[in-house]
Amino acid sequence: MDKERIVKNESLLRQINEGIAGAAAEHGRGDSQLPYVCECPVLECGRILHLTLAKYQAVRQHPARFLVANGHEVEGVEEVVERQARYLVVKKIGEAK
Ligand SMILES: [Zn+2]
């Protein structure tokens, strides 16, 4: 899979998720489980992952980290930094953006 395309798609998904997180923060829904889209490079994925705003923001604090469904990590491009029952936090290997 072409790496530039992966990065582009994941950035787009990140914007969607940031919109969800931003709206939740505005409405004071920090404690509820919110639907975020899987940020893996498969365009048709569209998997919804439920986690709290705080959890999502913790991922977002690191610019190179992404939220993906369990099993959606891309070997050789991403490294799993956190493993939960339903989702993973992955980190891009070799770049910090
Ligand atoms: Zn996915």
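Throughout, read-outs are computed from the coordinates displayed, never taken from laboratory work. As the structure is a computational prediction, the values presented were derived from the model and not from experiment. For neighbour counting, all protein chains shown are included, and Cβ atoms are generated from backbone atoms with ideal geometry for every residue, glycine included.
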Check your understanding: Can you give the charge dipole size of the range 3-92 about its Cα centre, rounded to the nearest 20 debye, using +1 on the beta carbon of Lys and Arg and -1 on the beta carbon of Asp and Glu?
Key -> 60 debye
Check your understanding: Nearest 10 degrees, 0 to 90: what angle lies between the long axis of helix 3-26 and the longest principal axis of the chain (Cα atoms)?
Key -> 10 degrees
Exercise for review: Output the Cα-based Rg and Dmax of the chain in Å, rounding Rg to one decimal and Dmax to a whole number.
Suggested key: 12.6, 39
Point to revise | DSSP-loop trypsin sites (Lys or Arg not before Pro) across the range 1-86, with at most 11 other Cβ within 10 angstrom | key: R86
Review point. Residue-wise, which Karplus ³J(HN,Hα) couplings in Hz belong to the range 77-83, taking 6.51 cos²θ - 1.76 cosθ + 1.60, θ = phi - 60°, and x for glycine or proline?
Key: 10, 10, 10, 7, 9, 8, 10
Review point. Once you put a point 7 Å from the Cα of Q33 and another 7 Å from the Cα of T52, both along the Cβ direction, what distance in nm separates them?
Key: 1.3 nm
